[in-house]
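Presented below is the structure to which this report refers.
Derivation of every value follows stated rules applied to the coordinates shown; laboratory data play no part. Keep in mind the model is a prediction, meaning the values are calculated, not measured. All Cβ positions, even for glycine, are placed from backbone atoms using ideal geometry, and neighbour counts span all protein chains on display.
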Amino acid sequence: MLATTQPRTWRERFARLKRDTSGMALIEFAYCLPIFFTLGLTATEISNLAMVNMKVSQIAMSVADNLSRAKQAVPLGLPQLREHDINDAFIGANLQAEELDIFRHGRMIVSSLQTNGSNGQWIRWQRCKGMRNVTPAYGAQDTGATGTAFPGMGPTGNRVQAEPGTAIIFVEFSYQYQPVVFPISVMGPVVLREETAFYVRDDRDLTAVYNPNPSVTASTCNLFTLT
């Protein structure tokens, strides 16, 4: 049997403990784990934010594109855009990103930019969907109805303007990001905003949005609804 030598004094015991490195790796791991764990969660949140931002952009583009194409054929007349078509575009956007609950946490504003009798820029009609209280960035419906003072829609230096006899579907989409890891109280509100515009394709009656029988509830901008 091998005999072990036990330290006799407290000084010897502390000296022996000081030389003992058998648990060093475990201690280092314990110190580093919270740091790496936090970095991992942060990377997850940033990746999700980037993905949601891309979806917000795609949804805004999809709605503008769909409404630039939507029309209902009319015998002996130009095709018409209906309130039903606009509501369908909003429903499609909601289904496209159902997991984001975009109309509970966001607001989409669709405007038709056209020209008035003076060939000035004019927001002829505007429709909205969503619960967030967001003001249109470039004006409400009928902005620019007369005169030429209204410069068009979009940021300064990058505005879009409609040509006479044409229309541009302009979409503003504002969405408050819902974090998956960190609570909003930690991150603060992160609002994603996207703007996109498409010229109306082909011929279409640009004088109004029609609501033939069976009529539907128009998504006017005084309403804050989910559906």
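Given all pairs of different Cα atoms, what value in angstroms does the Kirkwood hydrodynamic radius of the chain take?
21.4
Can you give the calculated 222 nm mean residue ellipticity of the chain, where each DSSP H run of n ≥ 4 adds -39,500 (n - 2.57) and the sum is split over every residue, rounded to the nearest 500 deg cm²/dmol?
After summing the helix terms and dividing by residue count, I get -11500 deg cm²/dmol.
With a 4.7 Å Cβ cut-off, tell me which Cys residues in the chain come up empty for a partner.
Lone cysteines by the Cβ rule: Cys32.
Quick one: net charge around Leu78, please, counting Lys, Arg +1 and Asp, Glu -1 for every other residue with C-beta under 9 Å from its C-beta.
Cβ neighbours under 9 Å give a net charge of 0.
Using the Cβ atoms and a cut-off under 11 Å, what net charge is assigned to the surroundings of Gly154, where Lys and Arg are +1 and Asp and Glu are -1?
Local charge sum for Gly154: -1.
Of Gly188, Gly120, Gly157, which has the largest mean-square fluctuation in a 10 Å C-alpha GNM of the chain?
Maximum among the listed residues: Gly157.
In a GNM of the chain with a 10 Å cut-off on Cα contacts, which of Leu81, Leu33, Leu192 has the highest mean-square fluctuation?
Evaluated over the chain, the most mobile residue of the options is Leu33.
Given a 10 angstrom Cα cut-off, can you work out which residue in Ile102, Ile123, Ile46 is the most mobile in a GNM of the chain?
Maximum fluctuation in the GNM of the chain, among the listed residues, is at Ile46.
Let me check against my output: what whole-number percent is the relative contact order of the chain, with C-alpha pairs under 8 Å and at least 6 apart?
So the answer I get is 25 percent.
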